[in-house]
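One structure is given below, encoded as structure tokens.
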Amino acid sequence: MRDQPEHNPLRPSWRCPNCGILWPCSAAKLRLLGEFRDDRPGLLLHMAKVQEEATADLKKLNPNARLPDLTARFVGWAQRR
């Protein structure tokens, strides 16, 4: 059986090392939805904490750059439709 690739963020860039796109990628979102299947508030709190970590990392990478609002990327997708 083939190992499934990890879709954890590559820090401090917060990109998926497998997909090469901004994290959370689709695979990471599906995994997170499964992990927090019965705890949507827990998922939202977890992603808010991750957003804070990403903001800190990205500010360190580009201290003079103005960061975009990361809420949609980290928390918005996890809200119920």
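The values are calculated or read from the model by the stated rules, or taken from the named source; none is laboratory data. Bear in mind that the values here come from a model prediction, so they are computed numbers and not experimental data. Here the Cβ positions follow ideal geometry from the backbone for every residue, glycine too, while neighbour counts run over all protein chains shown. Surface areas here come from the heavy atoms of the whole protein model, side chains and all, with no ligands, DNA or RNA. Shrake-Rupley method; radii C 1.70, N 1.55, O 1.52, S 1.80 Å.
Can you work out which of the residues in the stretch 20-68 that are among the basic types (Lys, Arg) and not in a helix (DSSP H, G or I) is least open to solvent (accessible area, probe 1.4 Å)? So the residue we want is Arg37. Pairs needed: first member in the stretch 1-27, more than 13 Å from Val50 (Cα to Cα) and among the aliphatic types (A, V, I, L, M); second member anywhere, open to solvent by 60 Å² or more (accessible area, probe 1.4 Å) and at pLDDT 95 or above; C-beta distance under 7 Å; at least 6 residues apart or different chains. Matching pairs, first to second residue: Ile21/Arg15; Leu22/Arg15.
Just give me the residues in the stretch 69-81 being assigned to a helix (DSSP H, G or I) and not aromatic (Phe, Trp, Tyr), in sequence order. Matches in the stretch 69-81: Thr71, Ala72, Arg73, Gly76, Ala78. Selection of the stretch 1-19 for residues being touching a strand residue (DSSP E or B) at 6+ places or on another chain (Cβ under 9 Å) and either in a strand (DSSP E or B) or under 17 Å from Gly76 (Cα atoms) (or both) yields Trp14, Arg15.
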